[in-house]
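Read-outs throughout are calculated quantities, based only on the coordinates presented, and are distinct from any laboratory measurement. Because the structure is predicted, anything quoted here is derived from the model rather than measured. Neighbour counts are summed over all protein chains in view; Cβ atoms, including those assigned to glycine, are modelled from backbone coordinates with ideal geometry.
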Amino acid sequence: MIELLDLRQTLQAFAACNDNYGVSRSFGWVHATDGDPMQARFWLPPDEDAAFDDDGEVPTEARALGLHEYLEPGTFAGVLFVQKRQRPLSTLAEYAKALEHYCKYDAFLEVKGVDEALGEATAADRLAARYAGVGADIFMSFDLWLLAYADDQLKAAAQCVARLHEVPVGEALARCRALPLLVGEALDRNRAQAIKDDFEAIGATVQVHGFKPFPWMDAPALR
């Protein structure tokens, strides 16, 4: 069955992936109807076998819905990322414009006012996005803070920190005695969950700060 999505739903489907590898495993292609991306409908077939028939064409049932080959999933994600890198608080309409520009010119849309040397938003714009709870990538990300541990678990906590920060246990002990301690920054969902689980296994208290991919989304959380 073909599930048609609007642009917002399509972006959120990409954002739900853990990373670019997750994108490649989740979608075989991006197909869309003609017209402005804000009004278009999108289909995200789960693999290339579903995306194309034996002749390499968009399946008949998809073409009957007005769908045609749009972008390869990695390219679609790349357009979103470049737009976000230049303007972290981009609106849905701005992402639509970036996609439309890429499809028309086979080139990324250049946003005025960015740091041309780095090709990214100014420090002020990046800070504004962070305060708004929006991360740097098009996927959710997490900062983890170690807040507390039982007195008899200091060594276990230090061992966890030593592995994470790749420092000697002695240095990790000193860090653990000066809480709160940032134990992970801008982590993807899978990595953040694994680290949180490791600390909670020894009874430690970890604070999770989730950053959403797009401004209109809710702040993400771990289990």
Original post:
If you take the C-alpha gyration tensor of the chain, multiply each eigenvalue by 5 and take the square root, what semi-axes do you get, largest first, in whole Å?
Top reply: 40, 21, 13
Subject >> Least to most buried among Glu166, Glu200 (fewest other Cβ within 10 Å first) >> reply: Glu166, Glu200
Subject >> Residue of Ala15, Ala62, Ala123 that the Gaussian network model of the chain assigns the largest fluctuation, springs spanning Cα pairs under 10 Å >> reply: Ala123
Subject >> Prolate/oblate/rounded call for region 7-105, Cα gyration tensor, a/c under 1.5 rounded >> reply: oblate
Subject >> Long-range Cα-Cα pairs in region 120-195 (distance over 19 Å), rounded percent >> reply: 46 percent
**OP:** Could you name the lysines whose alpha carbon sits less than 30 Å from that of Lys97, not counting residues in the same chain fewer than 8 places away?
**Re:** Lys84, Lys112, Lys212
Original post:
Between Asp151 and Gln12, 0.36 nm times their residue separation minus their Cα-Cα distance comes to what?
Top reply: 45.8 nm
Subject >> Farthest toward positive dipole pole in the chain [+1 Lys/Arg, -1 Asp/Glu at C-beta], among Tyr95, Tyr131, Ala16 >> reply: Tyr131
Subject >> Charge dipole magnitude, Cβ of K and R +1, D and E -1 - region 1-111, Cα centre, debye nearest 20 >> reply: 760 debye
**OP:** Select from His209, His101, His165 the residue whose mean-square fluctuation is largest in a Gaussian network model of the chain (Cα-Cα springs shorter than 10 Å).
**Re:** His165
Subject >> Rotationally averaged projected area of region 65-169 (alpha carbon convex hull; nm²) >> reply: 11.3 nm²
**OP:** For the chain, give the share of DSSP beta bridges that are antiparallel, in percent and rounded to the nearest 5; count only bridges with both residues there.
**Re:** 95 percent
Original post:
Once every DSSP H run of n ≥ 4 in the chain is given -39500 (n - 2.57) and the sum is divided by its residues, what mean residue ellipticity at 222 nm do you get, rounded to the nearest 500 deg cm²/dmol?
Top reply: -12000 deg cm²/dmol
**OP:** Report the charge-dipole magnitude of region 116-189 in Debye, nearest 20, computed about the Cα centre from +1 at each Lys and Arg Cβ and -1 at each Asp and Glu Cβ.
**Re:** 280 debye
**OP:** Note down the magnitude of the dipole of the chain about its Cα centre, charges +1 on Lys and Arg C-beta and -1 on Asp and Glu C-beta and zero elsewhere, to the nearest 20 debye.
**Re:** 1160 debye
**OP:** Name the most mobile residue of Val111, Val23, Val169, meaning the one with the largest mean-square fluctuation, in a Gaussian network model of the chain with Cα contacts below 10 Å.
**Re:** Val169
